[in-house]
1. From 416, 391, which residue is assigned to a strand (DSSP E or B) and crowded, with 20+ Cβ neighbours inside 10 Å?
2. Among the numbered conditions (1) in the same structural domain as residue 487 (by TED's automatic domain parsing); (2) without any contact (Cβ under 8 Å) to a residue 12 or more places away in the chain, tell me where residue 293 comes up short.
3. Hey, any hits in segment 522-533 for a residue that's at pLDDT 95 or above, touching a helix residue (DSSP H, G or I) at 6+ places or on another chain (Cβ under 7 Å), assigned by TED's automatic domain parsing to the domain that holds residue 434 and not in a helix (DSSP H, G or I)?
4. Tell me the residue from 113, 81 that is in contact (Cβ under 8 Å) with a residue 40 or more places away in the chain, surrounded by fewer than 19 Cβ atoms within 10 Å (Cβ to Cβ) and closer than 26 Å to residue 420 by Cβ, please.
5. Please state which one of 193, 189 is surrounded by 18 or more Cβ atoms within 10 Å (Cβ to Cβ), closer than 30 Å to residue 310 by Cα, modelled with pLDDT of 90 or more and more than 23 Å from the chain's Cα centre (by Cα).
6. For segment 601-616, which residues satisfy the criterion of being touching a strand residue (DSSP E or B) at 6+ places or on another chain (Cβ under 7 Å) and touching a residue at least 60 places away in the same chain (Cβ under 8 Å)?
7. Quick one: how many residues across segment 6-27 are within 14 Å of residue 147 (Cβ to Cβ) and either at pLDDT 95 or above or part of a strand (DSSP E or B) (or both)?
8. Which ones in segment 42-58 are touching a residue at least 40 places away in the same chain (Cβ under 8 Å) and either more than 24 Å from residue 114 (Cβ to Cβ) or not in a strand (DSSP E or B) (or both)?
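The values are calculated or read from the model by the stated rules, or taken from the named source; none is laboratory data. All figures in this text were calculated on a predicted structure; none of them were measured in a lab. Cβ sites come from the backbone with ideal geometry, for glycine too, and all protein chains shown count toward neighbours.
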């Protein structure tokens, strides 16, 4: 039976091939009352993209666009693993990060001054477990915007790609993601790239740039398909007005500021910020006097926006024409650096990293593996997050009064970028059996706080004695385009970020890149320009790394006396039951009597944690006794459990018996086993062999 459409519109469906599989876009099947809705299918993954546009202008000084990614557990055939909450609630960090991935390439494609309220939602309704659905969600969001009638300069498409055995591939399976040395998300429009996000296992700049080029070519069919759908639907263009400074007001602002900016403002931060604020107040006072206080109050926001625009143009002019930045630095010059470690006496590891006025304090805390975070998402079954990086930046860090609350999307995104930067160099659980929490408290902001978080986190990890493979540094770069000529800036500060056309962050070791994030404010950049920008980041990153090595060159040999001591033991997974015991009886007894905390992994890795070394040793010996594997040639003290005519069975360890043949009881001839042994007797035996069926041959005479 066909679906009843209350609008009487035919279902429209278009399809194409994307990375070897059919991609289809469909409208008029669901979402009848939305401004626009598109059902996108790729394999068994189905995502609903919706756009809702407000019916009246909003009186705000920014564009009220919201972009959300909705995880639905039913899409993966799952019920949440939470014992108490089964309904989807607050989005997971993973969903928030994917929402940001979709938002970042879309937001710059609306005209400046557009103030209509726009809400975009990508809801995953069905999920093929063989690949991640985020790229399909991005296409769904863009497709809905293309049909909304808003002044959206799309369409946008993107791909998440990896590199397996030196070959780039999109829509990787979970197994392929494990093998890949690159996790790269590339998004953009037909004429260029607008967003990049990457995690990498110390790969070269060329690998990243080649990946950008490959992904850009691969997602073009998805862009053309959205255009085809828009032509068939022919959405009605929305009427709107841009909220921009009046041309006369902008001209007044340009004339008044003409001799106020320039050389006078080339001062270090924060002196420059104070000068700009003073000039801004002078400007408002002069304009109010000229226009009249009552009329000016209504136009104040327009005058302020005109002043800001004039300031940004002055920043660009100084960089492009004079090669001089707002604070007087050369284009490739890094702000002054300073750093310290071991600043907090009770913390397991701590540091302060300062670059110019930007400052991050990092604190590392170590705990047993049982303290790892359990994560429950739509995409996979519960998994443990052993390393966590959290980022905090209260209002006082930018000189503002701001209500304290839970972290927002920016804080979660910055924390994730710094976390991703360090993951490739962390030791394995077997090498370092600890849960690690790294917290960056931003103390002062003036651009590039996520990179300050990366550098301070690396130093604090080394201060805590975490044996990372190599130190990681990070740098934020900027770019200003004049025609086809790019002007790349190293270590950007806030004024250059606001006035620039792109900001990008790169982290890595001496061997290669570990993470990257790029956001373009212009409508697409070529791969060649991005390749230049990535290459120019390398010297700055190396300069910062050298400074960090001068502060602390290698991880400390000894951990803080306040950090828990943890020993590890690897056992046969078949022996896990012996350690746990019936209903957890054995492990609870070990914990209670030794005072040590015992954690067991499914692969047989056991960790024992305590501040008391004697407690750890006692627990280790107990567990070894429960799990030790029989070793041929080794002598054991055992107990006779059964006597037979041909010999005796002796228990040499919990759950493990072996047989002593009557001929192995003594150097002298023994007529009856009972003549030399009785049940319950303690004897010394030597393990002389294990047959193909796992049966143990013991000898009393050889034990002597």
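1. Details: 416 fails: assigned to a strand (DSSP E or B).
From the options 416, 391, the qualifying one is 391.
2. Going through the list (1) in the same structural domain as residue 487 (by TED's automatic domain parsing); (2) without any contact (Cβ under 8 Å) to a residue 12 or more places away in the chain, residue 293 breaks only (1).
3. The first filter runs over segment 522-533 and keeps only residues at pLDDT 95 or above, leaving none.
Checked against the condition, which is being at pLDDT 95 or above, touching a helix residue (DSSP H, G or I) at 6+ places or on another chain (Cβ under 7 Å), assigned by TED's automatic domain parsing to the domain that holds residue 434 and not in a helix (DSSP H, G or I), segment 522-533 yields no hits at all.
4. Values: 113 fails: closer than 26 Å to residue 420 by Cβ.
Answer to the selection: 81.
5. Numbers: 193 fails: more than 23 Å from the chain's Cα centre (by Cα).
After ruling out the rest, the residue left standing is 189.
6. Of everything in segment 601-616, those that are touching a strand residue (DSSP E or B) at 6+ places or on another chain (Cβ under 7 Å) and touching a residue at least 60 places away in the same chain (Cβ under 8 Å) turn out to be 605, 607, 609.
7. Adding up the residues that qualify gives 6.
8. Of the residues in segment 42-58, the ones touching a residue at least 40 places away in the same chain (Cβ under 8 Å) are 42-54, 57-58.
42, 43, 44, 45, 46, 47, 48, 54, 57, 58 - these are the residues of segment 42-58 that are touching a residue at least 40 places away in the same chain (Cβ under 8 Å) and either more than 24 Å from residue 114 (Cβ to Cβ) or not in a strand (DSSP E or B) (or both).
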